[in-house]
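**Q** One structure, as structure tokens, below. Some questions next.
None of the figures in this text is laboratory data; all of them are computed from the coordinates on show. Here the structure is a predicted model, which is why all the values come from computation and not from measurement. As a convention, Cβ positions derive from the backbone with ideal geometry for all residues, glycine included, and neighbour counts pool all protein chains shown.
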Amino acid sequence: MFHSIKIAWFILLLSHPLWAQMQNDISLNELIQEALNNNPQLHSVRHQADAAKEQIKQVTSLDAPQVGIEFYQTPIRSFPIATRNNMETDYFVQQMFPWPGKLSGMGKITENNAAMKDQESKALEKKIIRDLKSAYYELYLVQRKMEINEENKLIMQKIIDIAIKQYEVGAGNQSDILRAQTELTQLTNESFLLEKEEGITEAMINTLISRPANQPLGRIADLEIHDIKLSFSQLAAMAEDSRAELKAMGFNIEMFKSEQALAKREFYPDIMVRGMYKNMSNTSKDFWSLMIGFNVPIAFWSKNKYQGKVNEFGKHVNHARMEYQDTKNMIGNDIQNALVIMESSRKLADEIKYHLIPQAEAALDATLASYQSGKTSFIMTLDSYRMLLMAKLDYSMSVMNTAVSEARLEQAVGLSMNEIKERLK
């Protein structure tokens with residue numbers, strides 16, 4: 001009898017206008033690619049990384065030279081013509097040259113900064129993928145709840161029909177009919193709430209992939225649960241090599257080291273070279289001159305300024321190292337939590353799918369037959385129905401929890417499950 005109910009529900013579902021839309025399964029990989037191509041926040045961070053790369057050429061180039069003309073001993077009465085009756089006109093070119101190693105030092109700083117920004121953009125990619133997968137799996141759960149809800153409406157309607165027949169022949173109570181009808185009304189109300197939840201979750205996905213928030217997505221196919229043995233030590237080692245946040249922090253440490261090395265070079269003077277051609281009036285003899293100048297950073301009134309900068313960046317290096325270690329510890333915690341939840345949820349899903357659901361279906365099938373023949377009570381029938389309902393909901397919830405924890409594990413390690421499998425071979 002229960003199988004006939006499932007067949008009737010399937011026929012009803014096929015005739016539902018929503019079914020045609022839901023037949024178009026959503027491809028998670030296509031959604032991920034769409035998010036990586038279209039997410040505006042990700043594009044913004046990528047532009048920042050590209051802008052940081054453009055700074056490298058700027059800081060490793062010399063400042064523009066200065067070119068000028070000087071007029072000497074020009075009478076006031078000749079204004080505004082400076083060359084009238086002046087004694088001398090000087091043409092000069094002046095260029096500042098940083099001490100050797102300073103420009104390359106600034107280049108290392110900006111290179112590390114650009115690499116850090118690039119890793120930050122990759123970290124955001126992983127976060128967006130995790131958020132998208134989590135929303136995708138939440139939508140899976142909502143849709144499965146909606147399907148279970150529709151199936152339960154048919155089962156409850158069957159129970160109501162049996163209760164009415166039992167009451168008509170004097171073998172049942174009117175209260176049984178009312179309780180069953182109340183249960184059906186609750187299922188109807190639940191369907192409205194699930195439709196709202198589906199719309200909210202779809203809007204979240206559409207926002208991540210930069211689609212209109214109200215665009216329908218379609219149906220999510222059954223999720224595949226990976227049964228793969230993973231160890232914390234292996235995953236932690238992978239994360240240290242692959243996690244973008246750790247790489248970004250490593251470049252941050254190197255950037256501060258480069259800053260400190262450059263600060264030490266500030267003790268060496270910059271060189272200013274100036275060449276001049278002197279055009280002398282009232283004589284055929286012209287002259288040239290050359291000037292070389294240095295700043296004096298070792299002067300006692302300015303020495304503390306440069307030493308203070310060296311000490312400052314030394315502190316920044318230590319601070320960045322501690323942040324790196326703290327993040328590494330937090331990543332280890334994330335890996336362990338994701339592993340525990342993923343494994344326990346997978347085991348629970350298998351137990352429910354292969355044992356609890358078949359048992360609950362058989363129990364409801366037998367109870368419905370007994371209730372129809374008057375051999376069992378309405379309460380027993382209702383309990384069997386609720387047991388099957390909870391088993392199906394718990395299974396869908398366990399599948400979702402497994403998938404979500406897998407997505408979190410991928411972000412924690414910095415690799416997809418396929419990449420993790422390849423490294424474990």
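**Q** Counting only DSSP beta bridges with both residues in the chain, what percent are antiparallel, rounded to the nearest 5?
**A** Bridges in the chain are about 95 percent antiparallel.
**Q** Among G314, Q143, T327, whose Cα lies farthest out toward the positive end of the dipole of the chain, if unit charges sit on the beta carbon of Lys, Arg (+1) and Asp, Glu (-1)?
**A** G314
**Q** Quick check on the exposure proxy: order E54, E195 from fewest to most C-beta atoms within 10 angstrom.
**A** In order of increasing Cβ crowding within 10 Å: E54, E195.
**Q** How large is the charge dipole for the chain, taken about the Cα centre, if only the Cβ atoms of Lys, Arg (+1) and Asp, Glu (-1) carry charge, to the nearest 20 debye?
**A** Around 1780 debye, computed over the chain.
**Q** Name the shape class, rounded, prolate or oblate, that the alpha-carbon gyration tensor gives for region 318-425, where a ≥ b ≥ c are the square roots of its eigenvalues, rounded holds for a/c under 1.5, and otherwise prolate holds if a/b is larger than b/c and oblate otherwise.
**A** Here region 318-425 falls in the prolate category.
**Q** Within 12 Å, Cβ to Cβ, of I357, how many net charges do the neighbouring residues add up to if Lys/Arg are +1 and Asp/Glu are -1?
**A** Neighbourhood net charge equals -2.
**Q** Would you kindly state how much longer the chain becomes between K278 and M291 on full extension, computed as 0.36 nm times their sequence separation minus their alpha carbon distance, in nm to one decimal?
**A** On the way: separation 13, 0.36 × 13 = 4.68 nm, distance 1.34 nm.
Length difference between fully extended and current span is 3.3 nm.
**Q** Considering the options M400, I160, N39, tell which one lies farthest towards the positive end of the dipole of the chain, charges being +1 on Lys and Arg and -1 on Asp and Glu at the Cβ, about the Cα centre.
**A** Looking along the dipole axis, the top candidate is N39.
**Q** Note down the relative contact order for the chain as a percent, whole number, built from C-alpha pairs under 8 angstrom at least six residues apart.
**A** Working: 537 pairs, mean separation 96.2, N = 425.
Answer for the chain is 23 percent.
**Q** Among T185, Q234, I379, flag the residue with its Cα farthest along the positive direction of the charge dipole of the chain, charges on Cβ as +1 for Lys/Arg and -1 for Asp/Glu.
**A** Value computed over the given set: Q234.
**Q** In degrees from 0 to 90, rounded to the nearest 10, what is the angle of the helix 378-413 Cα long axis to the longest principal axis of the chain?
**A** Taking the Cα atoms of the chain, the angle to 378-413 is about 20 degrees.
**Q** Could I have the simple spin-label model distance between L36 and L103, label points 7 Å from Cα toward Cβ, reported in nm to one decimal?
**A** The answer from the label model is 3.9 nm.
**Q** Measure nothing but the geometry: give the 0 to 90° angle between the long axis through the Cα atoms of 357-372 and the longest principal axis through the Cα atoms of the chain, rounded to 10°.
**A** Here the helix axis deviates by roughly 30 degrees.
**Q** What's the extension gain from Q307 to E422 if we count 0.36 nm per residue and subtract their Cα-Cα distance? Don't jump to the answer; show the numbers that get you there.
**A** On the way: separation 115, 0.36 × 115 = 41.40 nm, distance 5.00 nm.
Length gained between Q307 and E422: 36.4 nm.
**Q** Next question, about the same structure. Apply the a/c threshold of 1.5 to the C-alpha gyration tensor of region 120-238 and tell me whether it is rounded, prolate or oblate.
**A** prolate
**Q** Label-point separation (nm) for M322 and E168, each offset 7 Å from Cα along Cα-to-Cβ?
**A** According to this spin-label approximation, the distance is 8.1 nm.
**Q** Relative to the first principal axis of the alpha-carbon coordinates of the chain, what is the inclination of helix 244-265, with its axis defined by its Cα atoms, in degrees from 0 to 90 and to the nearest 10?
**A** 10 degrees
**Q** If neighbour count is taken as other Cβ atoms inside 10 Å, put W99, W288 in order from fewest to most.
**A** W288, W99
**Q** Given the C-alpha centroids of region 194-246 and region 297-315, what is the distance between them in whole angstrom?
**A** 50 Å
**Q** Here's something else I'd like to know. Helix-only estimate, please: 222 nm mean residue ellipticity of the chain, summing -39500 (n - 2.57) across DSSP H runs of length 4 or more and dividing by its residues, to the nearest 500.
**A** Numbers: 12 runs with 295 residues, N = 425.
The per-residue figure over the chain is -24500 deg cm²/dmol.
**Q** If each residue's Cβ is checked for other Cβ atoms within 10 Å, how do D118, D334 rank with the fewest at the top?
**A** By the 10 Å Cβ count, ascending, the order reads D334, D118.
**Q** Same structure again: Can you compute the modelled spin-label distance between D241 and R77, with each label point 7 Å from Cα toward Cβ, in nm?
**A** 8.8 nm
**Q** Now a separate question. For a label point 7 angstrom out from the Cα of K127 toward its Cβ, which stretches of region 39-71 have the backbone nitrogen within less than 15 Å?
**A** 39-49
**Q** Between (1) 1.04; (2) 0.94; (3) 1.71, which matches Cα Rg over 2.2 N^0.38 Å calculated for the structure shown?
**A** Of the labelled values, this structure produces (3).
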